[in-house]
Amino acid sequence: ELIQFTNGSNLKFITAGGGDEKRAGFTGPVLVVTEVSHLDQVGGNSEEATKLKQMEGRVRAYRASGQARIYLESTVTIEKGRIWQEWSQGTAGEVVFQCHACDEWISPGRDNLIGWQDAATEAEAELLSRWACPRCGIVFDDSRRLQQLRNCRLLHRGQSITSDGTVTGDIVQTKTMGFRYSAATNTFVTAGIVGA
């Protein structure tokens, strides 16, 4: 549960399981939480805050000094969930890349995944799936998508992007810098994996 490094730093693992005391006995300036959507509930018989709020309380002592940092990560499950709320009320950044055909900066969503709908089998869906540009409709394969992603940008709420990839506009004033990537901007999965 605790790793102490020779430079004096500590790495403490805090789980969502167990009682409140599991999440209340250790403080530090940095908190990294994964799968936040599963922590957005009050634990068992707890009369305290949600499990996530209890974990966030571990950095409270460092906020006044400006040292406190909280990193949250999760798959988005529902729009009422904590990670979606953090993203949408923060900078609401999105990974975008330039379409090779129309030059628009895009972030295709699941609606832009085509080919799998008419497949008779999972294997066929994997073979036929491709991404389509949400602006011009051109279909492209994973090698083209990965090539386009080498020149991606992060575009926050209120910003715009020129055809040469220059991001303009101020980032909204908030303490939460958030960004999301879609299945199309995820380099670890292919269109086929998503389509299957």
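The values are calculated or read from the model by the stated rules, or taken from the named source; none is laboratory data. Fair warning: this is a prediction, and the values are worked out from it, not measured in the lab. Here Cβ is always computed from backbone atoms with ideal geometry, including for glycine, and neighbour counts include all displayed protein chains. Heads up: the accessible areas ignore ligands, DNA and RNA and are worked out on the full protein's heavy atoms, side chains in. Shrake-Rupley method; radii C 1.70, N 1.55, O 1.52, S 1.80 Å.
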>> Under 8 Å between Cβ atoms, which residue pairs at least 6 apart in sequence (or on different chains) link something in segment 179-196 that is on the phi < 0 side of the Ramachandran plot and charged (D, E, K, R) with a partner that is open to solvent by 40 Å² or more (accessible area, probe 1.4 Å) and in a loop (DSSP other than H, G, I, E, B)?
In response: ARG180/VAL76
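Report yes if some residue within segment 99-120 is assigned to a helix (DSSP H, G or I) and surrounded by 13 or more Cβ atoms within 10 Å (Cβ to Cβ); otherwise report no.
Initial filter on segment 99-120 (assigned to a helix (DSSP H, G or I)): 110-112, 116-118.
Next, from what is left, pick out any that are surrounded by 13 or more Cβ atoms within 10 Å (Cβ to Cβ): 112, 116.
Among the residues of segment 99-120, at least one is assigned to a helix (DSSP H, G or I) and surrounded by 13 or more Cβ atoms within 10 Å (Cβ to Cβ), which makes the answer yes.
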>> Given the condition open to solvent by 60 Å² or more (accessible area, probe 1.4 Å) and over 30 Å from HIS38 (Cβ atoms), answer yes or no: does some residue in segment 82-97 qualify?
In response: no
> Name the residues in segment 10-33 that are modelled with pLDDT of 90 or more and not in a strand (DSSP E or B), would you?
Replying inline: PRO29
> Regarding THR168, is this residue over 16 Å from PHE97 (Cβ atoms) and surrounded by fewer than 12 Cβ atoms within 10 Å (Cβ to Cβ)?
Replying inline: yes
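Closer than 24 Å to SER182 by Cβ and open to solvent by 90 Å² or more (accessible area, probe 1.4 Å), is that true of LYS53? Walk me through how you get there before you give the answer.
On the way: closer than 24 Å to SER182 by Cβ: no; open to solvent by 90 Å² or more (accessible area, probe 1.4 Å): yes.
No, not satisfied.
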> What is the residue count in segment 136-160 for residues that are open to solvent by 40 Å² or more (accessible area, probe 1.4 Å) and among the aliphatic types (A, V, I, L, M)?
Replying inline: 4
> For segment 93-110, which residues satisfy the criterion of being closer than 14 Å to ARG157 by Cβ and among the charged types (D, E, K, R)?
Replying inline: GLU94
